[in-house]
Amino acid sequence: MQSLISIRQHLHQFPELSGQEYQTQQFLKKQLAPRDPDYLQEVATTGLLVEFWSKRAGPNILLRADIDALPIAEINSFAHRSRKENESHKCGHDGHTAILVGVARQLAQHPPQTGKVFLLFQPAEEIGQGAQAVLNDPEFKKWSFDQCFALHNLPGYPMHQIICKPHQFSAGAVSVAFRLFGKTAHAAQPEKGLNPSQALSAILQLRERFTQPKTDAQDFALVTPVYATLGEKSYGASAGYAEAHFTLRAWNQEHLEQVCKALSHAVKSQATAEGLWLEEEWFEVFHANYNHPRAYDLVKQSAARHNLSWQEMERPFRWTEDFGLLSSTFTGAMFGLGAGEQTPALHNPDYDFPDEIIETGVKMFVEILSQAQYNQAT
Ligand SMILES: [Zn+2]
Ligand SMILES: [Zn+2]
């Protein structure tokens with residue numbers, strides 16, 4: 001366990017942002033190659049896929065850890081603090097990675113009895129691009145998976161507690177930029193141009209029309225304005241350009257798509273009415289996480305086998321997780337691992353992954369693997 005803690009703290013000292021995890025990848029290769037996996041492949045440029053095969057037919061099980069850090073300056077002063085000025089592991093992906101290295105060690109000693117186990121060290125989770133990049137990789141495309149699992153540490157919950165629910169687990173989200181092109185004019189003669197300020201203000205109000213803030217409603221939806229700009233700080237000119245950016249979220253993909261369409265339609269009518277040219281760009285797509293009841297049962301049984309405290313969530317989390325694309329492509333489940341009630345929140349500048357829960361994470365994954373293989377065999 002001590003060496004897994006050292007690995008976690010090493011990763012913490014040398015964080016890398018989404019899509020730039022080159023050193024992390026090389027470091028992990030060095031840790032994993034001596035474990036003699038059946039295959040060890042680079043995937044999605046900066047990720048790794050590590051495979052342990054049995055000699056008997058059985059399920060293909062995928063376990064995922066995310067490996068990227070965030071553009072946040074760490075304010076902690078402990079010895080393993082980030083060595084980089086404005087980058088740090090503030091989501092605990094250093095801990096998730098160490099947990100999956102721990103699972104690889106167990107698999108090296110006790111290879112799967114049936115089927116194949118795939119450990120995916122996934123890059124670029126925070127920007128919602130890693131899972132798609134992995135799915136596009138020919139090395140990954142060769143496989144189909146019977147079940148896939150991932151965990152996320154959760155500050156605010158007792159350490160070692162397992163937090164889960166069947167069906168919807170976390171929201172789906174997508175971001176959009178609307179760009180309004182008008183025409184600048186002399187500030188003394190705005191009528192000679194086309195100032196998009198009225199349209200911008202109306203578009204920002206659309207949030208109210210499309211938001212359903214009640215989290216227990218099936219049609220829960222949040223339309224959050226995140227950025228807006230109008231014209232230039234050039235006081236002789238009437239503005240000729242504006243932008244409004246939003247993040248939209250909902251419990252499931254179909255509903256999210258409906259809200260996106262409705263918002264896009266309303267913005268288009270607004271722009272057309274004002275004679276403005278409109279461009280829209282959609283990005284940072286995060287699929288909702290759907291926990292298949294069978295995969296959820298495995299998580300629950302595994303927690304019970306280790307006498308871990310269990311909390312069934314009443315409603316899904318409002319945050320998003322890139323694993324949603326994998327859990328909606330294959331059957332799977334994601335669960336939370338309590339990181340301590342006093343631990344600072346994810347993405348806080350003083351957050352640090354608690355090393356105490358590494359062992360719990362390893363135990364959960366190893367148990368899920370043996371349950372999945374056993375279930376398939378019986
Ligand atoms: Zn995060
Ligand atoms: Zn995260």
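Overview of values
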item	result
Cα-based helix-to-principal-axis angle, 22-32 vs the chain, degrees rounded to 10	10
Highest-MSF residue in the chain out of 102, 47, 236 [GNM, Cα springs under 10 Å]	236
Size of electric dipole in the stretch 172-286: Cβ of Lys, Arg +1 and of Asp, Glu -1, about Cα centre, debye, nearest 20	280
Burial ranking of peptide ranges 93-99, 66-72, 292-298 (average Cβ count within 10 Å, highest at the top)	93-99, 66-72, 292-298
Residue (of 251, 239, 206) at the positive-pole extreme of the stretch 172-286, dipole from beta-carbon charges	239
Selected from 351, 340, 361, residue furthest toward positive end of dipole (the stretch 303-378; charges at beta carbon)	361
Global size of the stretch 172-286 as Cα Rg and Dmax, reported in angstrom	15.6, 51
Under 18 Å from the Cα of residue 261 - lysines, other chains or at least 8 residues apart	none
Neighbour-count ranking [beta-carbon atoms within 10 angstrom, fewest first] of 277, 53	277, 53
Shape of the stretch 60-129, Cα gyration tensor, a/c cut at 1.5	oblate
Choice from 59, 190, 344 with maximal GNM fluctuation in the chain (Cα, 10 Å cutoff)	190
The chain: angle of helix 253-273 to the longest principal axis, Cα-based, in degrees nearest 10	20
Max mean-square fluctuation residue, GNM over the chain, Cα-Cα springs under 10 Å, options 170, 302, 238	238
Entries of 183/233; 141/363; 116/141; 55/116; 90/363 with Cα pairs more than 18 Å apart	141/363; 90/363
Peptides 259-265, 151-157 ordered by average Cβ neighbours within 10 Å, highest first	151-157, 259-265
Residue order, fewest to most beta carbons within 10 Å, for 1, 334	1, 334
Alpha carbon centroid spacing (whole Å) that separates the stretch 318-369 from the stretch 247-283	32
Spatially proximal lysines relative to residue 165 (Cα-Cα < 16 Å; intrachain offsets below 8 disregarded)	300
For the stretch 106-120, 3J(HN,Hα) per residue [Karplus equation, 6.51 cos²θ - 1.76 cosθ + 1.60, θ = phi - 60°, Hz, x = Gly/Pro]	5, 5, 5, 7, 10, x, x, 7, 9, x, 9, 10, 10, 9, 9
Peptide ranges 354-361, 269-276 listed from the most packed, as the mean C-beta count within 10 angstrom indicates	354-361, 269-276
Under 11 Å, Cβ to Cβ, from residue 179 - net charge with Lys/Arg +1 and Asp/Glu -1	-4
Cα shape, the chain, gyration tensor, a/c 1.5 rule	prolate
Rounded to 5, percent antiparallel among DSSP beta bridges of the chain	70
Mean residue ellipticity (222 nm) of the chain, computed from DSSP H runs ≥ 4 via -39,500 (n - 2.57), nearest 500	-10500 deg cm²/dmol
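Readers should treat all values here as calculations from the given coordinates under stated rules, not as data from a laboratory. Since this is a predicted model, take the numbers as computed values, not measurements. Methodologically, a virtual Cβ is constructed for each residue, glycine included, from the backbone with ideal geometry; neighbour enumeration extends over all protein chains shown.
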